[in-house]
1. Is there any pair linking a residue in the stretch 304-316 that is on the phi < 0 side of the Ramachandran plot to one that is open to solvent by 60 Å² or more (accessible area, probe 1.4 Å) and of a type in the set (Val, Ile, Thr), with Cβ under 7 Å and at least six apart or on different chains, and which?
2. Would you pick out the residues in the stretch 286-312 that are among the β-branched types (Val, Ile, Thr) and touching a Lys or Arg at 6+ places or on another chain (Cβ under 6 Å)?
3. For the stretch 228-249, name all the residues that are more than 21 Å from Lys155 (Cα to Cα), open to solvent by 20 Å² or more (accessible area, probe 1.4 Å) and in a strand (DSSP E or B).
4. Tally up the residues in the stretch 206-224 that are open to solvent by 40 Å² or more (accessible area, probe 1.4 Å) and in contact with a Leu (Cβ under 7 Å, 6 or more places away or on another chain), please.
5. Just a yes or no: is a residue in the stretch 266-280 out of contact with any helix residue (DSSP H, G or I) (no Cβ under 7 Å at 6 or more places or on another chain), assigned to a strand (DSSP E or B), within 19 Å of Ile160 (Cβ to Cβ) and among the basic types (Lys, Arg)?
6. Considering only residues that are touching a Phe, Trp or Tyr at 6+ places or on another chain (Cβ under 6 Å) and farther than 20 Å from Met174 by Cβ, which ones fall in the stretch 295-316?
7. Do we have any residue at all in the stretch 217-227 that's touching a helix residue (DSSP H, G or I) at 6+ places or on another chain (Cβ under 6 Å) and in a strand (DSSP E or B)?
8. Quick one: how many residues across the stretch 211-221 are modelled with pLDDT under 95 and among the small types (Gly, Ala, Ser)?
Amino acid sequence: MTVKNNASEINITRLYDAPVQAVWDAWTDPEQVAQWWGPRGFTLTTHSKDLKPGGVWHYTMHGPDGVDYPNKTQYFEVVTRSRLVYDHGGNDDRPPLFRVTVLFAEVDGKTRMDMSMRLSTPKAAEEMRKFIKHAGGDATWDRLSEYLGKASSGKEKFVITRSFDAPIELLFSMWTDPRHFSQWLPPTGFEMHFIRSDIREGGSTFYRMSNGEVTMYGRAHYLKMIKPVGLVYTQQFCDENETLTRHPMAPTWPEALLTSVVLAAEGPDRTRVTVTWEPYGATTPEELAAFIEMKGSMTQGWTGSFDKLEARLANR
């Protein structure tokens with residue numbers, strides 16, 4: 001999530017690997033939007049949708065705790081495959097929370113989505129940023145990426161995105177320098193130690209993570225590395241002798257994962273990081289089901305790691 005010129009606005013940019021028509025349809029078709037709208041664990045029921053200026057989208061969000069959140073979105077501008085402007089968060093008994101503008105643009109066969117949420121004051125915008133982060137609202141746009149990816153490739157993926165106030169070269173070093181990587185990547189409460197670290201294309205690592213009660217070993221193999229825009233690597237659990245094992249707390253977890261990291265500059269000193277996880281190699285139905293079921297936990301885990309990365313960047 002980024003803050004641009006207007007302190008009363010919250011701005012979000014995403015690049016989706018899908019044509020504009022597919023992204024537009026995912027936004028505007030009630031059956032498709034129900035597959036991704038809202039934080040992880042939420043579901044959606046559309047009661048009616050009149051996609052035109054002055055029209056209303058009447059829907060209910062169903063929280064994982066059973067709480068329902070009725071909404072009525074009013075559209076002000078609808079330009080097919082290009083632009084949406086609407087009020088968000090209102091209902092018959094409450095005013096809207098903010099005005100949203102969404103722009104869709106084709107970029108080399110992909111779709112750039114630029115969204116702004118305009119609130120009444122900078123203070124209101126700051127409070128909304130905190131609320132969105134606490135509620136996991138940013139995962140909505142990651143779920144859209146997962147939905148579009150599955151629609152085009154048939155593969156189940158996990159996606160998480162975060163923007164950091166640091167230049168892209170520094171973010172790349174945070175992913176590729178073992179001295180940095182080991183300090184922020186482990187789950188909250190764990191410490192990471194590299195037994196072998198050769199982070200380069202064709203290189204590999206062998207590491208140990210422990211919280212004093214549980215000790216886990218893992219290894220990674222780096223398939224691709226393009227400085228400073230990203231890297232791709234596989235990772236697997238193993239024992240202290242580097243013999244492949246299963247996740248110590250999830251025996252049906254996929255044997256191997258493919259991790260893709262994409263870095264994109266949002267300004268001279270701001271970088272957007274997108275991490276994609278997917279099962280790698282032969283995967284059983286039970287393993288795929290475990291991967292899908294654990295997406296909420298994956299979000300929590302990466303959020304904790306990203307919080308530590310953010311703190312490390314702030315202290316440099």
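1. Close Cβ pairs (under 7 Å, with a partner that is open to solvent by 60 Å² or more (accessible area, probe 1.4 Å) and of a type in the set (Val, Ile, Thr)) amount to Gly304/Thr188.
2. Thr299
3. Across the stretch 228-249, the qualifying residues are Phe237, Leu244, His247.
4. Within the stretch 206-224, residues that are open to solvent by 40 Å² or more (accessible area, probe 1.4 Å) and in contact with a Leu (Cβ under 7 Å, 6 or more places away or on another chain) number 1.
5. Checked the stretch 266-280: at least one residue is out of contact with any helix residue (DSSP H, G or I) (no Cβ under 7 Å at 6 or more places or on another chain), assigned to a strand (DSSP E or B), within 19 Å of Ile160 (Cβ to Cβ) and among the basic types (Lys, Arg).
6. Passing the criteria: only Lys295.
7. The answer is no; no qualifying residue exists.
8. Qualifying residue count for the region: 1.
The values are calculated or read from the model by the stated rules, or taken from the named source; none is laboratory data. Keep in mind it's a predicted model, so treat the numbers as computed, not measured. All Cβ positions, even for glycine, are placed from backbone atoms using ideal geometry, and neighbour counts span all protein chains on display. Surface areas here come from the heavy atoms of the whole protein model, side chains and all, with no ligands, DNA or RNA. Shrake-Rupley method; radii C 1.70, N 1.55, O 1.52, S 1.80 Å.
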